[in-house]
Every structure is written in C-alpha cells, then in structure tokens.
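A.B. asks: I'd like to ask you about the structure that follows.
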Amino acid sequence: MDQSTTTTTTTPLLSTPWRHRLRLKTSLSSELSGAVGDLGTYIPIVLTLTLVSHLDLGTTLIFTSLYNIATGLLFDIPMPVQPMKSIAAVAVAESSSGHLTVPQIAAAGLSTSIVLLFLGSTGLMSFLYRFLPLPVVRGVQLSQGLSFAFTAIKYIRYNQDLVTSKSGTPRSLLGFDGLVVALVSLLFLILTTGAGDHHDDNQGDHENQTVRARDDDDDDDDCRQPRSRREYTWLKFLSSIPSALIVFLVGLFLCFLRDPSVFKDLKFGPSKISVLKITWEDWKIGFVRAAIPQIPLSILNSVIAVCKLSGDLFPGREASAMKVSVSVGVMNFVGCWFGAMPVCHGAGGLAGQYRFGGRSGLSVVFLGIGKLILGLVFGNSFGMILGQFPIGILGVLLLFAGIELAMACRDMNSKEESFVMLVCAAVSLTGSSAALGFGCGILLFLLLKLRQKVDCCGYGFRRSNKPKSSVDGEASSIIP
C-alpha cells in the first residue's frame, strides 16, 4: 500500500464546508434508494435482539437515527450504522448461561468502544491501517461479502427462524413472503441497477463529450451514434429509479397484508428512555462472552475495511481510520448507557448503500430522519410491523450488498496478491473468524516476502561467484 497515497487521499472530518455536505452528488431518487441499501443486515439483527433479548426497538431507532444524521454530515459519504454482529450473535445464542441481558449487551458494546477509542485517539489505528498489506484487507472484505451473500441465499430459499437463527423448510412458491416475491424483487433490482454501474449526471456529461468527439472524428457512423445515445438515455432512466426504496416500500405494504391485526397492536409515542444499571457481573459477562470476539471484527471490518472501501468507491473522500475508530467509540458511549443496540460502521452496509445509489452523506441523513420519525411515532411497537416483513426481500437486499463488497477485491491482479487474499478469505469463512483469517493472511504475506528476499539474496550470491559468459550475455539480450 502506498503510504503517500494514503495520507493524501484521507479526508479530514470537517475539511469540507457544510454547504457542500448538504448538496446532492447524484439525483434525489438515487440517494433515497441508497438510504435503504443496508437494511438487509440491519432489520434481521435488530428484530432478533428485540425478540430474544428484549432490546427496546424504539430507543435503538432514535439513537441510530441520530448516529446516521451525524455521520452523514461529518463524513460526507453514506457511512452506515450497523449492529455489532458478533455481540448480536452471542446475545441470541443458546448456551448454559442463557441469552445475554440488555445490560450485558450494553457492557459488551461499551467495552468494545473503549478499545476503539483508545486505538483511534492514540493513532495506533492509523498506524495499523497504513501498514496493513492490501491483499489481507481484500481477503477480509471478500470473506465478509461472501458471508453476506451466503446468508442472503438462505433468506431467499428457506423460511427463517430469527429467534434461533436457523433455516427451516424451503420457502413456498406463492404467498406474501413466497419465492416468487423474492425472485420478482431480485429481477427488478437487476433490471434497474444492472451490475452496479450508475449513470449519473457527471457520467452523462462525460458520455456526451465522448459521443460528440466520436461524431467529429468519424462521420461514417451516423447511424450508430444515435443508438448509443438512446442506449445511454435508457440506462440513465433505469438508474434514476429508486429501486431499493420501491422494493422496501413493497415489503412494508406486504407486512400489513400478511397480518392486518398489526394495526391494532401499534401504540403511538416514543419509548421511555432511561439509564441502564450495569453491574460488575454484567461487565464481566459482556466483556468475556461478547466483547472479546467483537473487538477484532470491529477493527478489521468496521474500521480497516470501511476506510479502504470508502477510498475505492469515493476517490478523494477516503475516510480516516482514526476518525472512524473514534466515531464508533463515541456512538456507543452515548447510546449503550440508555439500552440502545451496540453499533459500528460496516463495510457491507457501505457497499449496499453505494450499490443502490448512495453517493453522499445525505443518503444516510435521509435514513436517519426516517428512523427518527418511526422511533418517535411508534416506539417499540414498530417491531410488530418488522416481524411481518418478508425475509425473502431482505435477503435480496443483502445479496446485492454482499456482492458489491466482494467485488471491491477485483483489483488483485498478481497471482501472489490473489493467493494471499483467497487464503485469508477461506480461513475466515470456514473458521467463522475474521481475526483468524487476518492472522493467517498476515503470516502468509510475510512468508512470501521472506521467500522473495531469500531468492534475491541467493540469486545475487550465485551471480557474484559465477563468471558471465558471452552466451549468457546474448541470452539476456534476447530474453526480456
């Protein structure tokens, strides 16, 4: 990784004037569509914690809405706010000690935030990010993206029991959460977004200049150029459709069709917010059972992978590792004391929001406003609606987010880089541990570099002791 490039492209938190942060960088419909791009991971985890651990959904909606608005304005990219997945997995897992309580979940989130605040404020996170080998980072991204994609396919094909986090029988073909609904949503998103190449206004100006240049250079292709313009206009029209937002709204509409009685269960008004009482036993259980496995995942996926992905997707606006690390710590220090879900910035969420059109911080600001309205109006009772949301549609949204994140690894051109990346991803997936895959990737990268050093030293030693013949000179002049 080029250190000079890293230092020059990293965007300070408040370097951009506020008036520029409030400007759309693409169409309003694209930003609104990108706003819901990360809900494929957000909704299942939040709903599971609400059902199993009795997490207050209203409180979580209000605090995560404030996080969305703040990070959208500060980072000027669609910086996502995602649940801490390892803490959530431990919280709902069956064990001899039972499920984690809300104070224990909060203690785990606070413990993780203390580590990230320390690493960010001391500059250690920036040091780690600057010197990490790019193939290892790509391996972490690839494993996370494929993990999302595998989970998405399960959501689409099988009925899900979110309480036990297990797949059930194959999904029926028909019904409001049937296979047909998921496949129609999938086909609609493919038709409108394609492979993820958005044709926004800036691209349109470049395309029009290219077409005009071709017209000037080649007058014989008059019949071909208009067809190219029509093709571009058609693709631009498809990209302007807020496809992910439409799919999500259809899912909300299907919630009421699946169970019309949810209207009766809705209660208006926000949840009562109070400070949690966290005992020493809660701190011990939360740290040992949930924070320890979450800390390496947060460092790798919530900071390192997010910063690298932000530089790939938004050249010139790469997020600072120090600022992202501090941001995660501050968010949880504010919300966890009140029982809000522990959160982080996930690379999968960023990929999903970008995939569906999010190009600026306004995308997550819009999402934050929506969450704030729902949290204030419906409070914890909104979980009744989310409990009926078609899981197949969530799987479709998650699939696109996972594929977009995995495709960030396509810049690994050499065989050595690809080898390190794939080994890191394979170990992460099979061992279900990003930290284990990261460690193996680092070790493999160092071994390969050591091998190169030994080869170079040995080759130089042999050449220094062997006289060079004229035949060798001729061969070296012929063979490049």
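A.B. asks: Give the whole-number value, in cubic angstrom per residue, of the convex hull volume spanned by the C-alpha atoms of the range 342-462.
C.D. replies: 161 Å³
A.B. asks: For every other residue with a beta carbon closer than 13 angstrom to the beta carbon of V46, add +1 if it is Lys or Arg and -1 if Asp or Glu, then tell me the sum.
C.D. replies: So the surrounding residues net to 0.
A.B. asks: Still on this model: Which value, in Å², gives the accessible area per residue of the range 131-180 when a 1.4 Å probe is used on the protein heavy atoms?
C.D. replies: Averaged over the residues of the range 131-180, the accessible area is 48 Å².
A.B. asks: With a point put 7 Å past each Cα toward its Cβ, work out how far R23 is from E416 in nm, to one decimal.
C.D. replies: 4.3 nm
A.B. asks: Report the full-extension gain for the segment L183 to L128: residue separation times 0.36 nm, less the Cα-Cα distance, to one decimal in nm.
C.D. replies: 15.6 nm
A.B. asks: With only alpha-carbon atoms in the gyration tensor, what are the semi-axes of the equivalent ellipsoid for the range 57-114, in Å, largest first?
C.D. replies: Ellipsoid half-lengths, sorted descending, are 27, 12, 10 Å.
A.B. asks: To continue, here is another question. Let me know the Kirkwood hydrodynamic radius for the range 54-166, please, with Cα pairs as the basis and the value in Å to one decimal.
C.D. replies: One over the average 1/r among Cα pairs gives 17.2 Å for the range 54-166.
A.B. asks: Amide H to amide H, which residues 5 or more places from Q160 or on other chains are under 5 Å from it, using H placed in the peptide plane?
C.D. replies: G168
A.B. asks: Also, I was wondering about something else. State the extension gain, in nm to one decimal, for the chain segment bounded by L191 and F176, taking 0.36 nm per residue of separation less the distance between their alpha-carbons.
C.D. replies: Additional length available on full extension: 3.2 nm.
A.B. asks: What is the set of long-range amide H partners of V343 at a cut-off below 5 Å, with H atoms built 1.01 Å from backbone N?
C.D. replies: M84
A.B. asks: I would also like to ask the following. In Å², and per residue, what accessible area does the range 258-332 have when probed at 1.4 Å with the other protein chains present?
C.D. replies: 47 Å²
A.B. asks: About its Cα centre, how strong a charge dipole does the range 222-333 have in debye, to the nearest 20, once Lys and Arg get +1 and Asp and Glu get -1 at the Cβ?
C.D. replies: The calculated dipole for the range 222-333 is roughly 260 debye.
A.B. asks: When the Kirkwood hydrodynamic radius is evaluated over all pairs of different C-alpha atoms of the range 220-353, what value in angstrom, to one decimal, is obtained?
C.D. replies: About 20.0 Å, per the Kirkwood formula over Cα pairs.
A.B. asks: With respect to the cross-link table entries K236/K415; K25/K272; K267/K323; K85/K371; K25/K415, which display a Cα-Cα separation exceeding 30 Å?
C.D. replies: K236/K415; K25/K272; K267/K323; K25/K415
The values are calculated or read from the model by the stated rules, or taken from the named source; none is laboratory data. Everything quoted here is computed from the prediction, not taken from an experiment. Quick reminder, even Gly has a Cβ in these numbers, built from the backbone with ideal geometry, and neighbours come from all protein chains shown. Only protein heavy atoms, including side chains, enter the accessible area calculation; ligands, DNA and RNA are left aside. Shrake-Rupley method; radii C 1.70, N 1.55, O 1.52, S 1.80 Å.
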